[in-house]
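Contents: one structure, followed by commentary.
Quick note: the coordinates plus some simple rules give every number you see, no bench work behind them. Predicted model only: the values in this text are computed from it and were never measured. Here Cβ is always computed from backbone atoms with ideal geometry, including for glycine, and neighbour counts include all displayed protein chains.
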Amino acid sequence: PVKTAAGTKGGIERTFIAIKPDGVQRGLVAEVINRFERKGYKLVGIKAIVPSKELAEEHYGDLKARPFYKGLVNYMTSGRAPVIAMVWEGPDVIRQGRRIIGATNPLDAEPGSIRGDYTISVGRNAIHGSDSFESATIEIGLWFKPTEVFDWKFTHEEWIISAN
Ligand code: GDP
Ligand code: MG
């Protein structure tokens, strides 16, 4: 569970990160996991899933009025590759995850970010990350059952996260 308030720097949070079908097709699964892992974040949930239309529509519900919405839902649900759905945990992981991923439009994404390094089209930007504490909570609940998310500690946690 989230142990501190949203937006609190250093607060232990959880965020929903998903490698979209194009990211899986592009062979970016290990690369994405590595970027979160090497930073010190903890993988507390992971699965491959072809989302139902209902799940994809709910996940992107705030974009329903947008012209690309239907194409977006089709792209996520085609099954031509699964989505790799993940929950990552750690200090400020929601905001830091968005920085690791980069801007929505890959042409605005900084080199060094995942989208900046690997993608060029907003409709094929490889990865999703929750944009706030509220959406992280909703999205984790949408994509994962409680039993699919795990509480665990690094044996070396004190070498990654200081107590003060
Ligand atoms: P994100 O939070 O950075 O993923 O961006 P948004 O929440 O604004 O949009 C969700 C997803 O919709 C993006 O990651 C893109 O895959 C897609 N999307 C957003 N804007 C556009 C657009 O203008 N054209 C197309 N084709 N897809 C878009
Ligand atoms: Mg978004």
I'm trying to understand the selection: among the residues of region 142-164, which are within 19 Å of VAL50 (Cα to Cα) and either in contact (Cβ under 8 Å) with a residue 24 or more places away in the chain or surrounded by 13 or more Cβ atoms within 10 Å (Cβ to Cβ) (or both)? LEU142, TRP143, PHE144, GLU148, VAL149
Give ILE127, ILE49, ILE114, ILE94 a once-over and let me know the one that is touching a residue at least 24 places away in the same chain (Cβ under 8 Å), under 30 Å from ASN164 (Cβ atoms) and under 17 Å from the mean Cα position of the chain (by Cα). ILE94
When you go through (1) within 16 Å of ligand 1 (Cβ to nearest atom); (2) surrounded by fewer than 16 Cβ atoms within 10 Å (Cβ to Cβ); (3) of a type in the set (Asp, Glu) one by one for GLU139, which number turns out not to apply? (2)
Would you point out which residue out of ARG80, ARG95, ARG115 is among the charged types (D, E, K, R) and within 9 Å of ligand 1 (Cβ to nearest atom)? ARG115
Sort out which residues of region 44-57 are surrounded by 16 or more Cβ atoms within 10 Å (Cβ to Cβ) and out of contact with any Ser or Thr (no Cβ under 7 Å at 6 or more places or on another chain), and write them in order of number. VAL44, GLY45, ILE46, LEU55, GLU57
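Rundown of residues vs (1) closer than 17 Å to TRP143 by Cα; (2) near ligand 1 (Cβ under 10 Å from one of its atoms); (3) of a type in the set (A, V, I, L, M); (4) assigned to a loop (DSSP other than H, G, I, E, B), yes/no style:
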position	(1), (2), (3), (4)
PHE36	no, no, no, no
GLY45	yes, no, no, no
PRO51	yes, no, no, yes
ASN74	no, no, no, no
ILE84	yes, no, yes, no
VAL87	yes, no, yes, no
LEU107	no, no, yes, yes
Say whether the condition of being out of contact with any Lys or Arg (no Cβ under 9 Å at 6 or more places or on another chain), on the phi < 0 side of the Ramachandran plot, within 16 Å of ligand 2 (Cβ to nearest atom) and among the basic types (Lys, Arg) is met by at least one residue in region 94-110. yes
For region 60-69, which residues satisfy the criterion of being assigned to a helix (DSSP H, G or I), near ligand 1 (Cβ under 10 Å from one of its atoms) and not aromatic (Phe, Trp, Tyr)? ASP62, LEU63
Could you check region 114-136 and list, in sequence order, the residues that are farther than 30 Å from GLY27 by Cβ and buried (at least 16 other Cβ atoms within 10 Å of the Cβ)? PHE133
